[in-house]
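Notes follow the structure.
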Amino acid sequence: MNALRIVFTIIVALLVQTTLARVLARGPAGIDVVLVAVVYLALSSGPTIGLLSGTIAGLAQDSMGTGVVGIGSLAKTLVGLATGIVGAQFIMARPLPRFIVFFVASVVDSLLVIGMQMGLNIRQFGVPVAAIAERAVGSAFIGTALMQTIDIVPRVVERRRLNRARARTVRLK
């Protein structure tokens, strides 16, 4: 995967996160589209891309927010690296393993951010289990659907191209 595709994926995720995700998500949990992009890149390209995309996407997302810059970036970097390692070690072609990876990545990201905020005395709050679970399920559904779609579209386009070629050869005969 080249650098331009990685940057494009992160920019699209940031745009969707800042525009559509707030409209579609109810409550404070929402769906972290940027995390979905990081996990997608890590699963499809490996741990190095997961690490780099997590760092870049996290810093960009942190710079757009009002909190401390670096907390979300560190969490997304660690999640991207771990997801890339898992994706390199295990077969992630089916929807269920992908769903589980997106779910766990979202939970770990949330817990890392909450833990760092509490450790730095930025915020004091309990662990909002319902919000974390809602965010994880939403991110897992979106991420799994996105990856399945990305996997299916090239096959459908190729099948359609072959059918057109067959139709042309039949007409020529």
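Which of P97, P47, P128 moves the most in a Gaussian network model of the chain with Cα springs under 10 Å?
P128
What order, most packed first, do the peptides 64-75, 101-112 have when packing is the mean number of other Cβ atoms within 10 Å of each residue?
101-112, 64-75
When the dipole is taken about the Cα centre of the range 3-172, and only Lys, Arg (+1) and Asp, Glu (-1) are charged at their Cβ, what size is it in debye, to the nearest 20?
1140 debye
Span-like helices, the chain: DSSP H, alpha-carbon axial extent 15 Å or more, mean Kyte-Doolittle 1.6 or greater, which ones?
Length and hydropathy pass: 3-24, 33-45.
Given the options I142, I122, I85, state which has the largest fluctuation in a GNM of the chain using a 10 Å cut-off (strictly under) for Cα springs.
Residue with maximal mean-square fluctuation among I142, I122, I85: I122.
In the Gaussian network model of the chain, springs joining C-alpha atoms below 10 Å, which of V79, V36, V129 carries the largest mean-square fluctuation?
V129
With 10 angstrom as the radius, rank E158, E134 by how many other C-beta atoms surround their C-beta, starting from the fewest.
By the 10 Å Cβ count, ascending, the order reads E158, E134.
Considering only V107, T48, Q124, whose Cα is most displaced toward the positive end of the charge dipole of the range 3-172, charges sitting on Cβ of Lys, Arg (+1) and Asp, Glu (-1)?
T48
Each reported figure results from applying straightforward, stated rules to the coordinates on display, with no laboratory input. What you see is a predicted model, and the numbers here were worked out from it, not measured in a lab. Counting neighbours? That spans all protein chains shown, and the Cβs are built from the backbone with ideal geometry, glycine included.
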